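Right, one structure below, let's go through it.
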Amino acid sequence: MTLAEDNGPERGGDDLFAAEYVLGVLPADERQIASRRIDSETDFARLVDGWEVHLSPMAAAYPEIEPPASVKPAIDRRLFASTAATSAEARAGLWSSLAFWRGLAAAAVAALAIYIAIPYVNPPVAQPQARLVASLAADGSDVKYLAVYDAAHHEVGLSHVSGERASGKDFELWMIEGKNPPVSMGVIPVGSTAHIVVSPAAQQKLAQGAVLAVSLEPAGGSPTGQPTGPVVAAGDLKSI
Amino acid sequence: MKSVKLDVHKAISAVANTSQYPNLPDMTPQDITKLIVRTSMKDRAAFDLLYRQTSAKLFGVCLRVLNDRGDAEEALQEVFVKIWTKADRFAVSDLSPISWLVAIARNHAIDRIRARRKPAADIDAALDVADPAPGPEAMVVAGDESERIHHCLDELEKDRAAAVRGAYLKGESYAELAERHGVPLNTMRTWLRRSLMKLRECLER
């Protein structure tokens, strides 16, 4: 059985080729050919779609597995952090974040200056991720914080950028690492800046780049140990 | 230039109720359809909700095919980038919304593993979860079509049906299937093609 006779112009060959593509058994080069034909030939695309419909019930056997919390922010960075964004809405988001990041850039420049200066003053310290920064924000919320994790002093410094807590409510800071449930880092004190001491257990997780999130909780913090109110801001820690 | 058949019903039902998304757990296929169509209009809130609703299923797909968490996470990112950029294509598909998303994830994961096949025998054994019985969510994916494909698979010889199921779920190549069944590659290809022809005949009956 050769490819030439099987993939001939007659409907049977194309239909089988479509079925093999959907089943997933083809080698890379033939999958590329199929993929190009899906884009350029409506009839072939329809054959593929038909087989997808036929075989899709088998997909019920795939289990649902929660991906780590770091995946979605990474997707958003890929899609929305570049100037390639075209829609008006995406552009609005980009502009507001540009304004925000401009502020952050100043901080980064200052940090960079320190980094450049340090080797001349002291020998280099073996702590490559001594300082991590996260911008905490969320769609549909005006709450924004800038978070800086200072590994040397075991504390997270928070700068309140915008958004007020409702009366009788508090903002609570959470650390989310991989698939684990959020770990409370405490209620965020009211004010334009705040410092939260990090427990030894949380230090290493933060150093590896966990996600920080802020939720709205009853005054005094979540009564359950897990977030009970909406997450009003979140972001992942990156070294600068 | 490809002619595009726009599914007017999909588009209208999606636009008709845009202001509020229902609360999370009980999303119907219609709800997912709305989220996909809103995503094609570059609505980020809809995209976020679509991610929350479907990422666990699509991650399950990527993980099953790729057998490597890091790879699967990377693949899942690329899958959702594709969903954002190609959501408009959903309108020309006959697939249910969940099946359409699964097809994107499956095909992407298979392309990825074809491009770079790692020796993953040990990981394979460690991660190979038994196929769970289809849960309630499966019913959403399935419908009448489900009974037909399972009925038609039952008409095949047992080992051939198993090869079709295995190929579909794990994205195994002809080469890998041939090795596992201890037959030459061409024999395996002939086998599976005959099985597919029989399936087609049964499905169109």
Checklist entry - What pairs from A:K238/B:K34; B:K86/B:K170; A:K205/B:K82 go past 29 Å between their alpha carbons? => result A:K238/B:K34; A:K205/B:K82
Item to check | Calculated from backbone phi, Karplus (6.51, -1.76, 1.60) coupling profile of the stretch A:210-216 in Hz, x at Gly/Pro | outcome: 7, 9, 9, 9, 10, 10, 8
Checklist entry - Based on the Cβ-Cβ distance of B:A56 and A:S40, what FRET efficiency does E = 1/(1 + (r/R0)^6) give at R0 = 35 Å, to the nearest 0.05? => result 0.55
Item to check | Exposure proxy order (Cβ contacts within 10 Å, fewest to most) of A:S159, A:S135 | outcome: A:S159, A:S135
Checklist outcome for this item: For the stretch A:185-240 the mean separation of alpha carbon contacts under 8 Å (6+ apart) over residue count, i.e. relative contact order in percent, is 34 percent
Checklist outcome for this item: Taking only C-alpha positions in the stretch B:143-205, Rg and Dmax in angstrom work out to 12.0, 37
Checklist entry - How do B:K170, A:K238 line up, fewest other C-beta atoms within 10 Å first? => result A:K238, B:K170
Checklist entry - Using the Karplus equation 6.51 cos²θ - 1.76 cosθ + 1.60 (θ = phi - 60°), what ³J(HN,Hα) coupling, rounded to whole Hz, does each residue of the stretch A:45-60 give in order, writing x for Gly and Pro? => result 4, 5, 4, 4, 4, x, 5, 4, 5, 4, 8, 4, x, 5, 5, 4
Next on the checklist: Under 5 Å between amide hydrogens, which residues at least 5 positions from A:G178 or on another chain qualify, with H placed 1.01 Å from N in the peptide plane?
Outcome noted: A:A69, A:S70, A:V211
Checklist entry - Ranking A:V190, A:V183, A:V232, B:V164 by Cβ neighbours within 10 Å, fewest first, what do you get? => result A:V190, A:V183, A:V232, B:V164
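Rule-based calculations on the coordinates, nothing more; no lab input. Here the structure is a predicted model, which is why all the values come from computation and not from measurement. With ideal geometry, Cβ positions are generated from the backbone for all residues, glycine too; neighbour counts draw on all protein chains shown.
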